[in-house]
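All remarks here apply to the structure that follows.
Just so you know, all these numbers are worked out from the coordinates, no wet-lab data involved. The structure presented is a predicted model; accordingly, all values stated were derived computationally and were not measured. All Cβ positions, even for glycine, are placed from backbone atoms using ideal geometry, and neighbour counts span all protein chains on display.
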Amino acid sequence: TEQFSIFGGIGVLDSEIKQSSWIGTGGLSVVGNKLPLNPESTVNFGATYDYVVSDRIDGYVRFDYNRLGETPFEAENFIKRDAIDLINLRAGLTMDDWQVTAWAKNLTDKDYTAEFTNLNGISWPAKPLQYGLELRKSF
């Protein structure tokens, strides 16, 4: 319909290290392993609903879902992050050249590792639930 729209996408990465002069931890070859720092798959879908509040005000609500597949963090593929599911949400009102939007990222406050380095064993946690309010004026 004119008010409701859906969208989505799927990505699959079938990676393999074909050759490398680098030898992994313990002298293991990394040839044949998955490419590090790249999820094996991604799934994205969402929906937007636009509606009329009054003759001068329009509103919308948008839902986004993102799944990142299993992700190896280093070439040896010993350390991996399991697949994760993330949800984002936006809702806003528009009047003339003004817009106000409330938003939330990582709505379920998913706790996961965003990155890991094998060189020194440091991991970086992903951002927790974030939310905010935006006010925009068009000129």
Q) So what is Rg over Rh here for the chain, counting just Cα atoms and using Kirkwood for Rh? A) 1.15
Q | Net charge of Cβ neighbours under 13 Å - reference ILE79; Lys, Arg +1; Asp, Glu -1 | A | -2
Q: Please state the charge dipole magnitude for the chain, taken about the Cα centre, from unit charges on C-beta atoms (+1 on K and R, -1 on D and E), reported in debye and rounded to the nearest 20.
A: 220 debye
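Would you mind counting up the charge near LYS34? Only other residues with Cβ under 13 Å from its Cβ, with Lys and Arg at +1 and Asp and Glu at -1.
Values: positive: LYS18, LYS80, ARG81; negative: ASP14, GLU16, GLU40, GLU70, GLU74, GLU76.
Every neighbour counted, the sum reads -3.
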(Q) Pairs on different chains or at least eight residues apart, Cα atoms closer than 24 Å: how many lysine pairs in the range 1-136 fit? (A) 8
Q) In a shell of Cβ-Cβ distance under 12 Å around ALA126, excluding ALA126 itself, what net charge do Lys and Arg (+1) and Asp and Glu (-1) give? A) +1
Q: Rank GLN99, GLY27, LEU133 by how far each Cα sits towards the positive end of the charge dipole of the range 1-134 (+1 on Lys, Arg Cβ; -1 on Asp, Glu Cβ) and give me just the farthest.
A: GLY27
**Q.** C-alpha center-to-center spacing [the range 95-128, the range 45-89] in angstrom
**A.** 11 Å
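Evaluate the relative contact order of the chain (contact order divided by residue number), counting alpha-carbon pairs under 8 angstrom at least 6 apart; express in whole percent.
Values: 315 pairs, mean separation 24.8, N = 139.
Computed value for the chain: 18 percent relative contact order.
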Q.
List the trypsin sites (Lys or Arg not before Pro) within the range 54-139 that DSSP assigns to loop and that have no more than 15 neighbouring Cβ atoms inside 10 Å.
A. ARG56, LYS110
